[in-house]
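Here is the structure we will look at, set down as structure tokens.
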Amino acid sequence: MSAAGDGYPSDLTDEQWALIEPLLPAPRTGRKGGRREKHPRRRIVDAILYLARTGCQWRYLPKDFPPFQTVYWYFTWWHDDGTVERVHDALRVKVREADGRSAEPSAGLVDSQSVRAADTVPKSTSGFDAGKKTKGRKRFIVTDTLGLLLAVHVLAASVQDRDGAKRSLLWTRLDHPTIEKIWADQGFAGRLVEWSSAVLHRTLEIVRKDPGQRGFKVQPKRWAVERTFAWITTRRRLACDYERNPAHSETMIRWAMTDLILRRLTRGRPATRQGPRPLRKITP
């Protein structure tokens, strides 16, 4: 496997590009056939993944990528025509099948994450989460039991969990009708459970803490969706919400998950983290 361009760590390998290239739409042409695209699609995708990984601004993309205006145009085009969602969903199916699962899940997990919003985010799409003491936006995601993304919806942080989760649960019901049960934490208890049963005809089960629990404890079933948030925020662009349009925040999350899925499909071995490195005394 080899990386394209100058070899940034975020660049796609040949094997990863072979997975994603057939899923991209055909190049646009003019009324008379048009000319070939000036910049390789692979470098466009590399630039988007570089931005997601490093968290830089669009205009600060390195000069060896295509112009940032071009990269952003592709980002918005593939967002508007649904390409990003189709690519992500097709690759998610490959991961499930490689893990010995069926293509469509039968159970899911829902959770929310409040993140700070940058000064570029309009006040009309941000708010204050009094529980988390965070001013910004709130991400609602639904995952399968492997932690793979099924639905995402970004709202102002002031929206309560039991209200904000409705749209992501509805999208999950429409796009993944095989799901019969979804687990959630105590923040989603109450009328959302009744709404899910009456409107979606699906079970929303609340996973509650042990009565005597003190401090942190891994919750059964729900740990996988918490891990997904940890995966997402390893991409610095998603450590804070920088997008003016909340829908573009959702697309950036899908790009981050697409990157993670591509690496999982082509890694060929379990993921490992670098352990602690002992300090060595340097003698003059």
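Just so you know, all these numbers are worked out from the coordinates, no wet-lab data involved. Just so it is clear, the model here is predicted, and its values are computed rather than measured. Virtual Cβ from ideal backbone geometry, glycine too; neighbours counted across all protein chains shown.
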Folded to 0 to 90 degrees: helix 41-54 orientation relative to the chain principal axis, Cα: 50
For D241, distant residues with modelled amide H under 5 Å away: R116, A117, A118
Angle in degrees between helix 68-80 and the longest Cα principal axis of the chain, rounded to the nearest 10: 50
Anchor K135: aspartates and glutamates whose Cα lies under 17 Å away (excluding residues fewer than 8 positions away in-chain): D119, D161, D241, E243
Highest average packing first - 150-163, 89-102, 180-193, Cβ atoms within 10 Å: 150-163, 180-193, 89-102
Residues with amide H under 5 Å from that of T134, placed H, sequence gap 5 or more: D129
Helix axis angle, 83-98 relative to the chain longest principal axis, alpha carbon, degrees: 70
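Over the chain, what portion of Cα pair distances is larger than 30 Å, expressed as a whole percent? Please report the intermediate quantities before stating the final value.
Details: 14608 of 40186 pairs.
Percent of Cα pairs beyond 30 Å in the chain: 36.
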Cα Rg, Dmax, the stretch 88-148, angstrom units: 16.3, 45
